[in-house]
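K.L.:
Got a structure for you, written out below as structure tokens; questions coming shortly.
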């Protein structure tokens, strides 16, 4: 079985300190399905309408989470959708043979056990109790944050989600400075109380979709989906300031050193992402502690790929001009132009990404114009708006290219 997470639309980059992470392990989609299962009749019209509404909003990932909550089995989205249709049809056949209504859950077990042998030894358990048990298993008992077990399951799903939506994922590693000395001075009970207070401050610095993990000891990891590196830096600085100020009010000195790394610009997998964020954190300690360090001292979030794509650009709905790209990434592009463009100006771009007539459209903002020759300029554009289908096509094209440069891009 594959392990996936309900992707949903990418979240905004802005982080509000007033949006506290809810005390639940489920994503927003999983929570919606859970509420639908637990509050309604599975055979009723309300359930069917609610399910259709979720599918309209989240797509086939609904079937992934639905089957996971009901059977604890995970499938790829298309496979999950096919199985759900098979379960509904299996129920109809059972009802016709028995000349009686069949509960959908009964049909699901019959389908998974008898028809497809996907469950060998099914166990009966109350759904609410199962969810409470899972929530307990994924929580750190001292701080209430998610634990390392949850981290190992959650981060690979978010990496997958970042790939699907071509959106950056940032990771922050935070370590309490000189915490051993604090424990020696105040005792372990007060040290534990300080850990719990810091955990609250970290959560208060995040959005609902972000995750705070107690990685071990006095080290924490913050997972920020759909967040570029500079947005993650703002979050880290806000959290570090909150911790330092709270400690100062108590007449104490407790600070955080924090390191930031972003996928895919800084790493191609979750292991390297953690390693690079951890390395940046240790660099912050080496520079004097109580500060935030970006991996590679680079503010960019995407890997830039050399690609010569043809297309057109327009400024303020004016005449179209041809272009050829120099570099392309999930966050922007640079192209050759026969004219200079003011930094900050908006531009509409159409790119030809294959040998067919199909193209993708995006809106961008000029971030740099560099004169190459008296009649040729290199224009760098940051993407500010792109449709979901075009974003997916761009991400697919970039993944197919095999020679990235060393420079990432916002």
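K.L.:
If we scan region 363-383, do we find a residue that is out of contact with any strand residue (DSSP E or B) (no Cβ under 6 Å at 6 or more places or on another chain), surrounded by fewer than 18 Cβ atoms within 10 Å (Cβ to Cβ) and in contact (Cβ under 8 Å) with a residue 60 or more places away in the chain?
P.N.:
no
K.L.:
Take residue 71 and decide whether it is modelled with pLDDT under 80 and either touching a strand residue (DSSP E or B) at 6+ places or on another chain (Cβ under 6 Å) or over 24 Å from residue 160 (Cα atoms) (or both). Steps first, please.
P.N.:
Values: modelled with pLDDT under 80: yes; either touching a strand residue (DSSP E or B) at 6+ places or on another chain (Cβ under 6 Å) or over 24 Å from residue 160 (Cα atoms) (or both): no.
In short, no.
K.L.:
Could you tell me whether residue 398 is crowded, with 18+ Cβ neighbours inside 10 Å, at pLDDT below 80 and within 23 Å of the chain's Cα centre (by Cα)?
P.N.:
Numbers: crowded, with 18+ Cβ neighbours inside 10 Å: yes; at pLDDT below 80: yes; within 23 Å of the chain's Cα centre (by Cα): yes.
The answer is yes for residue 398.
The values are calculated or read from the model by the stated rules, or taken from the named source; none is laboratory data. Just so it is clear, the model here is predicted, and its values are computed rather than measured. Positions of Cβ are backbone-derived with ideal geometry, glycine not excepted, and every protein chain shown enters the neighbour counts.
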